[in-house]
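In what follows, a structure is listed as structure tokens, so that the remarks can point back to it.
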Amino acid sequence: MKYTFLFLLSILFTLSASAQQITINGKLASFDNIGLPYATISIAESSLPNVSIKKLATKENGEFSTTLEKGEYLVTFNFVGMDDAVKTIELTQKDKTFDIGTVTMIESSTELDELSVTAQRPLVKVEIDKLTYNAKDDPESSTSNVLDLLRKVPLVTVDGEDEIQLKGSSNFKIYVNGKPSNMVSSNPSQVLKSMPANSVKDVEVITDPGAKYDAEGIGGIINIVTDKRVDDGYSGSVGANGDTFGGYGGNAYLATKYGKFGFSGNAGYYYHKQPASESSMTRDEFDPINTLIQNGASRSNGGGLFLSGNMSYEPDTVNLFNISASRFGGEFTSLSSTTANSVGVRPYSYLTNNNSIANYGGLNLSADYQRSFKKKGELLTFSYRFESDPNDSEFESEYDNVEGIFYYDTGYKLKSSNNAGGQEHTAQLDYVNPVNDKHSLEMGLKYIFRDNSSRGNHTYYDVADGTWHPDLARKNDLDHKQNITSGYLGYSYKTGKVGFKVGLRGEHTQQDILFMSSSTDSIETSFFDLIPSATVSYQLGMTQNIRAGYNMRISRPGIWYLNPYINNMDPSNISYGNPNLDSEQQHNFNINYGSFAQKVNFNATLTYSFAQNAVSSRSFIDDNGVTNNTYSNIGKNQTVGTNIYVSWTPASNIRTYLNGGMNYTDIKSNDDSGLSNSGFSGRAFAGLTYTLPHDIRLGANGGLFMSRVQLQTTQSPFYYYSFSLMKSFFDKKLDLTLNVQDVFSKYREISSTTSGEGFSQKSIRMNPVRNLRLSVTYRFGDLKTSMKRVQRGIVNEDVMQGQSGSQQGGTTTTPES
């Protein structure tokens, strides 16, 4: 009986003690709401703050849970590179659970101990529908531009001619801070050259655009996220560069935040000078037989100015206002001379000298209002954007030494100018509602109005009377208006290691085309597209994930494809747009595997895509023996491809990477021409960075690009390489970089072959490439730890192994917000 009583008493005591245990829940996150994994949490009684009674670590997603008895406690949160956060909680007998909520940590403003360096932060993380390249942690970003930065971004390649490709496609969209930018998309190389890389926080490659994104952009979306301060203070940089071609440039960047106001902006100017390049073209006609041979030389120069600014005002915790503006403008002048000799049924020869000027640029204004609600993550956003994109050009040609049967006499001159461009107004409403921890909804409406136009002015010099006359027969003007109304609904689900996201977007397009030549014709069309998308992901382990997705993309031809203006600066090879083009629809399927650990980052993607009405360049010879170059919806293509990204950091002072892929393309015309082409194309870019003592960094980069497959044209492979030396001064505030490109090659040869009905044409270009560039950048202000961490690495390699697991693989099931 005695033992029975003691046994019952012990049970009651245990139950009583258990009833007094209170469950504590919460989440630890960075300022951008990314969960911080494996952070250390120390708990102490308020009466004895220096004596820890319990320690624990956060989960991969930053969440934590523990139990405590009633009382008052100090909870201290510690994470590498962050300021410690301390919370005071009081637990009463009435509490069964206590939710601390989300604890936000701020990056430390103090330097880490130089002697504690053991590792570097991984540069890439993967989410359910995109890959993110951490530009701030790239050691070479301090003195490079954004175009150079893109060479290292997974799935993106930039060749030696500065042409950008996304998954091997040149048809994609570029966003800035989540908004489409025609100004950047239409002049990507020039604009991105003028932007300093240290003004960019992240580069996101959105491989599976969800329903909230516009359907435009066949290859996907590259989103450039500029850097903004989250704490009070300021930081910035100024830089300058020059090269042995005679080019030079400068840039400035500033980010500041004081109280409720924040501002970030940058300015860049560049002057580009291209030494004389050589070219040749041989065109063989088979029926009737004729051969045309052209040899020429050209040189160009010009400059451009880029300005951008973003201002934010946050009056309270639920309202946020943003306004931004950007302006880019430039002019290029080109001088060329060409000799031509035609043998066969059309014998002639001539010498022509050409002078052309191209003006381009854009203006972008936007305003946003964001409203937050009590529920975390619930947002309502209204946005307006205005964009103007002029694209003007002019040329003058003079013909001498004309012999045989040619279109013009000796002394004949041509002048032509084209004022083209467009304006775009966009209004958008978006709503995001995370129903709970597992389910989330997003929906929105959008309206776009586009007004494109082209006006030409053509004159010729009559040798007989010695005067200039208007050439009305060459009149080809265009007005093109588009009204696009769209709405979308998206749903995402995540639980444990599994997540998926589905969406449906509807877009209605009404367009009016007015074509003015010798007569006036108008075309009115409308069409409706339903654009589905779906993505699923599974986390294989702490640092590994696999995902698969499908999306449909649309390419609506812009003024550059529609413009009927005829450029006949070379009368034997003319080019013009096609105002009758329809939008292109492409279906994309992909499977992606990623493994992102501390020392090795690996990402592989397998893709398949097809289109029935692809917009393809088209070349043909008319009855006068002139090569016409234009565009048509005649392409029916299928592409199977793979993209691989690997970065390896064997030691804290060595970083190497490989970025590239290979595609097999089969393309056929769907008209009566019978044109078809197929084959492999590939691209690869690799680099190595080695850091020496005394803040000296050595770098080597190189790229190889295989033949590109188009409907009628195949381009030859080529390669390029560069070496760099960087030295930091004044506590890493001043960086000096010397870069040499293709030091062992004076010229790069690029050839292309175009075949069509009754002809074959081969072109060869010899472009000068050997160049030496010197860059200098000075950073000022209260620089954040994240910038300094680039040179020093992160303390405690074992901890970072866990952090990279969540930040890279662990975010794979986080839906886009």
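The values are calculated or read from the model by the stated rules, or taken from the named source; none is laboratory data. Note that the coordinates shown come from a computational prediction; the quantities given were computed from them, not determined experimentally. Glycine gets a Cβ as well: all are built from the backbone with ideal geometry, and neighbour counts include every protein chain shown. For accessibility, only protein heavy atoms count, side chains too; no ligands or nucleic acids. Shrake-Rupley method; radii C 1.70, N 1.55, O 1.52, S 1.80 Å.
Are there strands (runs of 3 or more DSSP E) fully within region 566-634 with at least 2 residues that are of a type outside the set (Asp, Glu) and touching a Pro at 6+ places or on another chain (Cβ under 6 Å)? List them. Explain how you work it out, then say what you get.
On the way: elements: 567-570, 573-575, 584-596, 600-621.
Here the list reads 600-621.
If you take the residues in region 374-390 that are open to solvent by 50 Å² or more (accessible area, probe 1.4 Å) and at pLDDT 90 or above, which one is farthest from the chain's Cα centre (by Cα)? Full working, then the answer.
Here is the first cut: in region 374-390, the residues open to solvent by 50 Å² or more (accessible area, probe 1.4 Å) are 374-376, 380, 382, 384, 390.
Adding the requirement that they be at pLDDT 90 or above leaves 380, 382, 384.
Numbers: LEU380: 26, PHE382: 24, TYR384: 22 Å.
By that ranking, first place goes to LEU380.
Given the conditions (1) touching an Asp or Glu at 6+ places or on another chain (Cβ under 6 Å); (2) part of a strand (DSSP E or B), which single one is not true for ASP208?
The number of the failed condition is (2).
Would you pick out the residues in region 638-649 that are crowded, with 21+ Cβ neighbours inside 10 Å and either out of contact with any Leu (no Cβ under 6 Å at 6 or more places or on another chain) or of a type in the set (Gly, Ala, Ser) (or both)? Even if it seems obvious, please write down each step before you answer.
Taking region 638-649 as the starting set, the residues that turn out to be crowded, with 21+ Cβ neighbours inside 10 Å are 639, 641, 643, 645, 647, 649.
Hits for region 638-649 are THR639, GLY641, TYR645, SER647, THR649.
Please pick out the residue among GLY506, GLY499, GLY577 that is over 26 Å from GLU387 (Cα atoms) and either touching a Phe, Trp or Tyr at 6+ places or on another chain (Cβ under 9 Å) or at pLDDT below 80 (or both). Talk me through it step by step, then tell me what you get.
Values: GLY506 fails: over 26 Å from GLU387 (Cα atoms); GLY577 fails: over 26 Å from GLU387 (Cα atoms).
Exactly one residue qualifies, and that residue is GLY499.
Results for (1) open to solvent by 30 Å² or more (accessible area, probe 1.4 Å); (2) of a type in the set (Val, Ile, Thr); (3) modelled with pLDDT of 85 or more; (4) within 21 Å of TYR657 (Cα to Cα), shown as yes or no for each residue.
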{"site": "LYS152", "(1), (2), (3), (4)": "no, no, no, yes"}
{"site": "ALA197", "(1), (2), (3), (4)": "no, no, no, yes"}
{"site": "LYS201", "(1), (2), (3), (4)": "yes, no, yes, yes"}
{"site": "TYR213", "(1), (2), (3), (4)": "no, no, yes, no"}
{"site": "ARG229", "(1), (2), (3), (4)": "no, no, no, no"}
{"site": "SER237", "(1), (2), (3), (4)": "no, no, yes, no"}
{"site": "GLY246", "(1), (2), (3), (4)": "yes, no, yes, no"}
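Mind checking whether some residue in region 341-352 is assigned to a strand (DSSP E or B), over 20 Å from ASN568 (Cβ atoms) and touching a residue at least 60 places away in the same chain (Cβ under 8 Å)? Even if it seems obvious, please write down each step before you answer.
The initial filter retains those residues of region 341-352 that are assigned to a strand (DSSP E or B), namely 341-344, 348-352.
Add one more test, that the residue is over 20 Å from ASN568 (Cβ atoms), and what stays is 343-344.
Still in the running and touching a residue at least 60 places away in the same chain (Cβ under 8 Å): none.
Scanning region 341-352 turns up no residue that is assigned to a strand (DSSP E or B), over 20 Å from ASN568 (Cβ atoms) and touching a residue at least 60 places away in the same chain (Cβ under 8 Å).
Pick out the one residue from GLY487, GLY466 that is within 28 Å of ASP582 (Cα to Cα) and either touching a Lys or Arg at 6+ places or on another chain (Cβ under 7 Å) or open to solvent by less than 70 Å² (accessible area, probe 1.4 Å) (or both).
Working: GLY466 fails: within 28 Å of ASP582 (Cα to Cα).
That would be GLY487, the only listed residue that is within 28 Å of ASP582 (Cα to Cα) and either touching a Lys or Arg at 6+ places or on another chain (Cβ under 7 Å) or open to solvent by less than 70 Å² (accessible area, probe 1.4 Å) (or both).
In region 24-74, which residue that is touching a residue at least 40 places away in the same chain (Cβ under 8 Å) and aliphatic (A, V, I, L, M) is farthest from THR104 (Cα to Cα)?
LEU68
Restricting the search to region 496-522, which residues are within 30 Å of LYS59 (Cβ to Cβ) and surrounded by fewer than 19 Cβ atoms within 10 Å (Cβ to Cβ)? If you could, list the steps in order and put the result at the bottom.
In the first step, residues of region 496-522 are kept if they are within 30 Å of LYS59 (Cβ to Cβ); the result is 496-503.
GLY496, LYS497, VAL498, VAL502, listed by residue number.
Here are some conditions: (1) closer than 18 Å to ILE164 by Cβ; (2) touching a helix residue (DSSP H, G or I) at 6+ places or on another chain (Cβ under 8 Å); (3) among the hydroxyl-bearing types (Ser, Thr, Tyr). TYR645 meets all but one. Which one does it not meet?
(2)
Go through region 295-334 and give me each residue that's without any contact (Cβ under 8 Å) to a residue 60 or more places away in the chain, in a strand (DSSP E or B) and either open to solvent by 70 Å² or more (accessible area, probe 1.4 Å) or basic (Lys, Arg) (or both).
Once the filter is applied, which keeps residues that are without any contact (Cβ under 8 Å) to a residue 60 or more places away in the chain, in a strand (DSSP E or B) and either open to solvent by 70 Å² or more (accessible area, probe 1.4 Å) or basic (Lys, Arg) (or both), region 295-334 yields ASN295, ARG299, LEU307, MET311, TYR313, PHE321, ILE323, ARG327, GLU331.
Can you work out which of the residues in region 469-484 that are part of a strand (DSSP E or B) and open to solvent by less than 60 Å² (accessible area, probe 1.4 Å) is farthest from ASP437 (Cα to Cα)? Please lay out each step first, then the result.
Step one: filter region 469-484 for residues part of a strand (DSSP E or B), giving 469-470, 477-484.
The next check asks that each one be open to solvent by less than 60 Å² (accessible area, probe 1.4 Å); those that pass are 469, 477-480, 482-484.
Details: HIS469: 73, ASP477: 56, LEU478: 52, ASP479: 50, HIS480: 47, GLN482: 40, ASN483: 38, ILE484: 35 Å.
Going through the qualifying residues, I end up with HIS469.
Does VAL626 satisfy the criteria of being open to solvent by less than 60 Å² (accessible area, probe 1.4 Å) and more than 26 Å from the chain's Cα centre (by Cα)? Talk me through it step by step, then tell me what you get.
Values: open to solvent by less than 60 Å² (accessible area, probe 1.4 Å): yes; more than 26 Å from the chain's Cα centre (by Cα): yes.
In short, yes.
Name the strands (runs of 3 or more DSSP E) wholly within region 19-110 that hold at least 3 residues that are among the polar types (S, T, N, Q) and open to solvent by 40 Å² or more (accessible area, probe 1.4 Å)? Write out each step before concluding.
Working: elements: 22-29, 40-45, 52-57, 63-68, 71-78, 85-91, 97-104.
Correct list: 97-104.
Which ones in region 130-150 are touching a helix residue (DSSP H, G or I) at 6+ places or on another chain (Cβ under 6 Å) and part of a strand (DSSP E or B)?
Once the filter is applied, which keeps residues that are touching a helix residue (DSSP H, G or I) at 6+ places or on another chain (Cβ under 6 Å) and part of a strand (DSSP E or B), region 130-150 yields only ASN145.
Name the residue that is modelled with the highest pLDDT, counting only residues in region 440-463 that are open to solvent by 50 Å² or more (accessible area, probe 1.4 Å) and among the hydroxyl-bearing types (Ser, Thr, Tyr).
TYR447
Could you please tell me which pairs satisfy a Cβ distance under 7 Å, a separation of 6+ or placement on different chains, a first residue in region 446-474 that is under 30 Å from PRO180 (Cα atoms), and a second residue that is assigned to a strand (DSSP E or B) and open to solvent by 60 Å² or more (accessible area, probe 1.4 Å)?
Pairs that qualify, where the first residue is under 30 Å from PRO180 (Cα atoms) and the partner is assigned to a strand (DSSP E or B) and open to solvent by 60 Å² or more (accessible area, probe 1.4 Å), are TYR447/THR485; PHE449/HIS425; ARG450/LYS481; ASP451/GLN423; ASP451/LYS481; ARG455/ASN419.
Cβ contacts < 6 Å: first residue under 14 Å from ARG553 (Cβ atoms) and open to solvent by 40 Å² or more (accessible area, probe 1.4 Å), restricted to region 162-173; second residue acidic (Asp, Glu) and assigned to a strand (DSSP E or B), any location; separation 6+ or different chain. Result?
Close Cβ pairs (under 6 Å, with a partner that is acidic (Asp, Glu) and assigned to a strand (DSSP E or B)) amount to LYS173/GLU216.
Would you check if there is a residue in region 551-559 being outside any strand (DSSP E or B) and farther than 26 Å from TYR631 by Cβ? Talk me through it step by step, then tell me what you get.
Within region 551-559, the first condition is being outside any strand (DSSP E or B), and the residues that meet it are 556-559.
Applying the additional criterion that residues be farther than 26 Å from TYR631 by Cβ yields none.
Looking through region 551-559, none of the residues is outside any strand (DSSP E or B) and farther than 26 Å from TYR631 by Cβ.
Would you confirm, using the coordinates I've provided, whether SER279 is surrounded by 15 or more Cβ atoms within 10 Å (Cβ to Cβ) and farther than 27 Å from MET569 by Cα? Walk me through how you get there before you give the answer.
Numbers: surrounded by 15 or more Cβ atoms within 10 Å (Cβ to Cβ): yes; farther than 27 Å from MET569 by Cα: no.
Here the answer is no, as SER279 does not meet what is asked.
So, in region 318-335, of the ones that are closer than 16 Å to LEU307 by Cβ and of a type in the set (Gly, Ala, Ser), which residue ends up nearest to the chain's Cα centre (by Cα)?
Among those that are closer than 16 Å to LEU307 by Cβ and of a type in the set (Gly, Ala, Ser), it is SER326.
Taking interchain pairs and intrachain pairs at least six residues apart, which have beta carbon atoms under 7 angstrom, with the first residue in region 504-517 and among the aromatic types (Phe, Trp, Tyr) and the second surrounded by 15 or more Cβ atoms within 10 Å (Cβ to Cβ) and part of a strand (DSSP E or B)?
That search, which allows pairs on different chains as well, returns PHE515/LEU478.
What is the residue count in region 391-427 for residues that are open to solvent by 40 Å² or more (accessible area, probe 1.4 Å), touching a residue at least 60 places away in the same chain (Cβ under 8 Å) and within 25 Å of ILE448 (Cα to Cα)?
1
Which of the following residues is under 30 Å from ASN563 (Cα atoms) and within 25 Å of the chain's Cα centre (by Cα): ALA340, ALA420, ALA358? Step through it out loud before you land on a result.
On the way: ALA340 fails: within 25 Å of the chain's Cα centre (by Cα); ALA420 fails: within 25 Å of the chain's Cα centre (by Cα).
Only one candidate qualifies: ALA358.
Kindly provide the set of residues from region 705-754 that are closer than 30 Å to GLY344 by Cα, part of a strand (DSSP E or B) and free of Cβ contacts under 8 Å to residues at least 60 places away in the same chain, ordered by number. Steps first, please.
We begin by selecting, within region 705-754, every residue closer than 30 Å to GLY344 by Cα; these are 710-716, 749-754.
With part of a strand (DSSP E or B) added as a condition, the list becomes 713-715, 749-754.
If the condition is that a residue be closer than 30 Å to GLY344 by Cα, part of a strand (DSSP E or B) and free of Cβ contacts under 8 Å to residues at least 60 places away in the same chain, then THR714, GLN715, GLU749, SER751, SER752, THR753 are the ones that fit.
Please specify each residue of region 603-617 satisfying the condition of being open to solvent by 20 Å² or more (accessible area, probe 1.4 Å) and either at pLDDT below 90 or over 23 Å from the mean Cα position of the chain (by Cα) (or both).
Hits for region 603-617 are GLN612, ASN613, VAL615, SER617.
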